[in-house]
Amino acid sequence: MKFCSISKTFSFSTTLALLAFFPIGMAQAAAPTDAITAAPTRKSYNVRDFGAVGDNTTKDTAAFQKALDTCAVNGGGDVVVPAGVYLIGSVQMGTQTFLRLAEGAVINGSPDLDDYPMMDIRWEGRTEQGRRSLIYAMNVDHIGITGPGTIQGNPAAAASQNPRGALVLEPINCTDVLWDGFTVTQGGNWATHPTYCTDVVIKNLHITGRRDGIDIDSCKHVVIDNCNVDTGDDSISLKSGRGMDGARLAKASEDIVISNCTLRCRTFACIGIGSETSGGVRNVRIEHCHFVFSGSTAIYIKTRIGRGGSIENISGDDLAVQAGGFLQVNLISSGNQNTADDSVDGLVGYPLGRNFSFSNVRVACTTLVDITKISPDKPLDGLTLSNITGTCTKGITLANITNAKLSGIQITGQPAALVTVNNVTGSGLDDASAAK
């Protein structure tokens with residue numbers, strides 16, 4: 001089977017073209033950061049000038065923090081990390097500050113929990129106490145990290161679940177964030193977690209870890225491009241809060257493009273939308289991506305009754321799926337159940353799904369599409385599946401959907417009927433292989 005050719009070239013004009021159908025474009029996300037990185041007169045601060053040793057034994061936390069603070073209070077610039085292995089605890093970035101990781105530069109997270117202060121964080125959709133991340137920022141603008149160096153989270157600091165252990169990267173309520181061209185490894189927890197951020201560009205990253213790779217949480221205007229993510233849990237996850245704690249804030253994750261990415265998830269989904277969706281997830285476009293392996297399904301849209309919120313305008317085009325299933329939707333019973341005391345009651349607490357569209361997909365997978373866990377009291381409104389080719393062992397199963405449109409589905413290998421439906425209205429349900 002021939003899969004899609006994934007371009008390695010990224011441009012901001014491409015980003016704008018990808019988002020042409022969104023209500024709000026990505027000019028804000030692209031232009032400011034591009035201008036910062038191109039500025040010829042930016043000040044530079046070398047962490048070694050502030051006492052960093054880089055021998056992987058001496059803790060360089062204070063030196064890094066002094067360099068970052070000096071940069072911020074002097075109007076911003078670049079904090080340069082030359083080659084070496086730097087052992088640090090949690091540090092905080094200031095406004096207008098870029099962390100530049102040179103070739104051979106490795107930041108190693110400390111194994112000591114005391115090096116990660118306790119603070120209020122958002123963890124799996126709720127506000128609670130947890131450890132500050134290795135590299136943290138809050139309420140600042142125009143910040144970034146660029147490679148080609150490496151940032152390594154420490155499994156000993158990350159493993160704690162109650163309270164939450166330290167993540168690697170976590171900007172909170174920041175505007176104009178750029179991550180470009182470096183490697184992140186994480187052993188025991190999520191790797192990266194932008195929360196309440198606007199105008200975020202994540203490109204050319206290589207992420208490996210045992211849990212989630214990129215968690216976008218109540219952010220808007222986001223581009224994830226040309227990233228290679230190999231994780232034990234969801235490679236990329238889109239979230240917006242859980243239960244009433246998330247619903248009362250109503251901060252959606254919206255206007256998001258995921259493009260040219262290679263994704264491998266050993267246990268769950270390559271792209272998970274949910275299960276924390278109480279603030280809503282909308283206007284998501286997935287294009288030119290290669291799903292190398294998934295332990296469950298390549299794309300999993302998931303939540304449960306009692307969380308409310310809407311998941312809408314989700315589209316995918318030019319996708320290659322080599323293992324696991326392709327698409328699963330569960331709006332009834334996915335995600336943990338520990339918010340029984342904080343649920344969104346009544347019909348408004350039933351999540352709403354609307355306008356899901358996937359086209360030009362090449363598969364060699366197990367289950368092609370499973371969209372059956374939808375409440376008949378709030379059906380999925382709008383599903384388009386078109387031009388899907390390849391092989392699978394089980395076809396398409398649909399339930400409780402209105403305005404479904406199936407066309408150009410040419411699949412071999414499934415032992416039973418290509419399409420099985422229950423309480424579904426639309427076109428192409430009897431002959432999904434027909435062209436539009």
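Our summary gives the range 137-272 a relative contact order of 19 percent, counting only alpha carbon pairs under 8 angstrom and 6 or more residues apart.
Compared with the dominant principal axis of the Cα atoms in the chain, helix 27-38 is inclined by about 30°.
Ranking L383, I311, Q65 by how far each Cα lies toward the positive end of the dipole of the chain (charges on Cβ) leaves L383 at the top. Take the residue pairs K59/K302; K239/K373; K239/K378; K373/K405; K220/K378 and return only those whose Cα atoms are more than 30 Å apart. From K59/K302; K239/K373; K239/K378; K373/K405; K220/K378, over 30 Å: K59/K302. For the chain, the relative contact order comes to 9 percent (Cα pairs under 8 Å, sequence separation of at least 6). Relative to the longest principal axis of the Cα atoms of the chain, the long axis of helix 61-73 lies at roughly 90 degrees. The range 316-378 and the range 242-284 have Cα centres separated by 11 Å.
Given (1) -0.45, -0.57, -1.41; (2) -0.44, -0.55, -1.24; (3) -0.50, -0.63, -1.36, which label gives log10 I(q)/I(0) by the Debye sum over Cα atoms at q = 0.08, 0.09, 0.14 Å⁻¹ as computed from the coordinates? Read-out taken from this structure: (2).
In the chain, helices alone account for a calculated mean residue ellipticity at 222 nm of -2500 deg cm²/dmol, with every DSSP H run of four or more residues adding -39,500 (n - 2.57). The charge dipole of the chain, taken about its Cα centre with unit charges on the Cβ atoms of Lys, Arg (+1), Asp and Glu (-1) only, comes to about 600 debye.
Based on Cα contacts under 8 Å between residues 6+ apart, the range 277-436 shows a relative contact order of 19 percent. Modelled spin labels at N56 and M118, positioned 7 Å past Cα toward Cβ, are 3.3 nm from each other. Shown in residue order for the range 220-234 are the 3J(HN,Hα) couplings computed by the Karplus curve 6.51 cos²θ - 1.76 cosθ + 1.60 at θ = phi - 60°: 9, 6, 10, 10, 10, 9, 6, 9, 10, 10, 10, 9, x, 10, 3 Hz (x for Gly and Pro). Other residues with beta-carbon under 11 Å from the beta-carbon of L418 carry, at +1 per Lys or Arg and -1 per Asp or Glu, a net charge of -1.
Carbon-plus-sulfur accessible fraction, the chain (probe radius 1.4 Å, protein heavy atoms only): 50%.
Simple spin-label estimate for Q337 and T402 gives 3.0 nm between the two label positions (7 Å along the Cα-to-Cβ direction from each Cα). Taking amide H atoms as placed 1.01 Å from N in the peptide plane, the amide H of G395 lies under 5 Å from those of L368, A416, each 5 or more residues away in sequence or on another chain.
The values are calculated or read from the model by the stated rules, or taken from the named source; none is laboratory data. Since we're looking at a predicted model, the values are computed, not measured. Heads up, the Cβs are rebuilt from the backbone with ideal geometry, glycines too, and the neighbour counts pull from every protein chain shown. In case anyone asks, the SASA skips ligands and DNA or RNA and just uses the protein heavy atoms, side chains included. Shrake-Rupley method; radii C 1.70, N 1.55, O 1.52, S 1.80 Å.
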